[in-house]
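Peer 1: Can you keep this structure in mind? I'll have questions shortly.
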Amino acid sequence: MFAIREATRADAQLIVDMIRELAEFERELDQVDITPEDILRDGFSASPRFHALVAEWDGQPAGYALYFFNYSTWAGRPGLFVEDLFVRAQFRNKGIGKSLLRRMAVTAREHNCYGMRWEVLHWNTPAIEFYRSLGAKMQNEWWPVIFMGSAFEDFATQERAG
């Protein structure tokens with residue numbers, strides 16, 4: 001039996017656990033600071049900053065997706081950004097990842113989104129091939145930019161423009 005459901009407050013620890021599993025797979029577990037309290041504050045408040053889905057296989061948590069809406073100035077419409085898509089190893093190759101993506105695509109269409117965006121590690125060949133098989137396109141001319149840590153803090157605390 002397979003099901004996808006909206007995450008609830010009771011899933012906060014489960015979501016953190018699967019975020020950590022994803023980070024371990026991506027070889028960046030040491031970068032994870034998130035807590036269940038962060039999930040509760042940012043995902044289940046009056047104005048949530050993200051939405052999450054939980055996939056279950058025979059009643060067992062099999063994977064999750066976490067997404068939020070952004071806005072495209074070129075399309076003049078919102079978009080759906082997939083922050084995380086993760087299926088636990090023992091549940092892979094059962095169509096769970098595809099089902100989670102389809103559920104998000106339906107949500108995106110219901111919100112008049114131009115489409116969906118996400119990132120994939122360049123070495124994750126199975127994921128890249130899977131996304132291409134769906135018709136998703138890899139963008140080589142755009143690079144993701146991240147600005148964080150002391151460089152971000154120093155920049156943000158400078159008082160003058162320029």
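Peer 1: Sort Met138, Met1, Met18, Met148 by accessible area with a 1.4 Å probe, largest first.
Peer 2: Details: Met138 60, Met1 170, Met18 0, Met148 115 Å².
Output order, biggest surface exposure first: Met1, Met148, Met138, Met18.
Peer 1: To continue, here is another question. Where does the longest stretch of the chain lie that holds no GluC sites (Glu not before Pro) found in a DSSP loop with 16 or fewer other Cβ atoms within 10 Å?
Peer 2: Values: sites that count: Glu26, Glu28, Glu119, Glu141, Glu159.
Looking at the chain, 29-118 is the longest stretch - no exposed GluC sites (Glu not before Pro) with at most 16 other Cβ atoms within 10 Å.
Peer 1: Moving on. What part of the accessible area of the chain, given as a whole %, is carbon or sulfur when the probe is 1.4 angstrom? Walk me through the intermediate numbers first.
Peer 2: Values: 5750 of 11190 Å².
Exposed carbon and sulfur together represent 51 percent of the surface.
Peer 1: Would you work out which of Val120, Leu101, Ala89 lies farthest towards the positive end of the dipole of the range 80-120, given +1 charges on the beta-carbon of Lys and Arg and -1 on that of Asp and Glu, about the Cα centre?
Peer 2: Towards the positive end, the residue furthest out is Ala89.
Peer 1: Additional query: For the range 81-162, which chymotrypsin sites (Phe, Trp or Tyr not before Pro) pass both filters: DSSP loop (anything but H, G, I, E, B) and at most 10 other C-beta atoms within 10 Å?
Peer 2: Values: sites: Phe81, Phe86, Phe91, Tyr114, Trp118, Trp123, Phe130, Tyr131, Trp142, Phe147, Phe152, Phe155; in loops: Tyr114, Trp123, Trp142, Phe147.
Taking the range 81-162 and a limit of 10 other Cβ atoms within 10 Å, the loop chymotrypsin sites (Phe, Trp or Tyr not before Pro) found are Trp123, Trp142, Phe147.
Peer 1: Report, in whole Å, the centroid distance computed from the Cα atoms of the range 54-93 and the range 111-161.
Peer 2: So the separation of the two Cα centres works out to 15 Å.
Peer 1: Rounded to a whole number of µm²/s, how large is the Stokes-Einstein D of the range 34-116 at 25 °C and 0.890 mPa s, given Rh as the Kirkwood radius over C-alpha pairs? The partial results should precede the final answer.
Peer 2: Values: Rh = 13.8 Å.
D = 178 µm²/s.
Peer 1: If you average 1/r over all unlike Cα pairs in the chain and invert the result, what Kirkwood radius do you get in angstrom? Walk me through the numbers on the way to the answer.
Peer 2: Values: mean 1/r = 0.0574 Å⁻¹.
Result for the chain stands at 17.4 Å.
Peer 1: By the scheme Lys and Arg +1, Asp and Glu -1, what is the net charge of all other residues having a beta-carbon under 14 Å from that of Tyr131? It would help to have the intermediate numbers written out before the result.
Peer 2: Working: positive: Lys98, Arg102, Arg117, Arg132, Lys137; negative: Glu119, Glu129.
Once all neighbours under 14 Å are counted, the net charge is +3.
Peer 1: As a test of the formula, what do you get for the chain when each DSSP H run with n ≥ 4 contributes -39,500 (n - 2.57) and the sum is divided by the residue count, at 222 nm and rounded to the nearest 500 deg cm²/dmol? List each step's numbers first, then the result.
Peer 2: Values: 5 runs with 55 residues, N = 162.
Result for the chain: -10500 deg cm²/dmol, rounded to the nearest 500.
Peer 1: Tell me the Rg and the Dmax, in Å, that the Cα atoms of the range 1-73 produce.
Peer 2: Reported Rg and Dmax, both Å: 13.1, 42.
Peer 1: Related question: Calculate how large, on average over all directions, the projected area of the Cα convex hull of the range 87-162 is; give the answer in nm² to one decimal. Mind dumping the intermediate values first?
Peer 2: Values: hull surface 34.8 nm².
Result: 8.7 nm².
Peer 1: Taking R0 as 25 Å, what's the FRET efficiency between Asn112 and Met138 from their Cβ-Cβ distance, rounded to 0.05? If you can, show how the numbers build up before the last one.
Peer 2: Working: r = 25 Å, r/R0 = 1.01.
Given R0 = 25 Å and the Cβ-Cβ separation, E is 0.50.
Peer 1: Let me ask something else. Can you give the accessible area per residue of the chain, in Å², using a 1.4 Å probe?
Peer 2: Numbers: 11190 Å² over 162 residues.
Computed with neighbouring chains in place, this is 69 Å² per residue.
The values are calculated or read from the model by the stated rules, or taken from the named source; none is laboratory data. Bear in mind the structure is a predicted one, so any value in this text is a computation, not a measurement. Using ideal geometry, Cβ is built from the backbone for each residue, glycine included, and neighbour counts are taken over all protein chains shown. Side chains included, ligands, DNA and RNA excluded: accessible areas come from the protein's heavy atoms. Shrake-Rupley method; radii C 1.70, N 1.55, O 1.52, S 1.80 Å.
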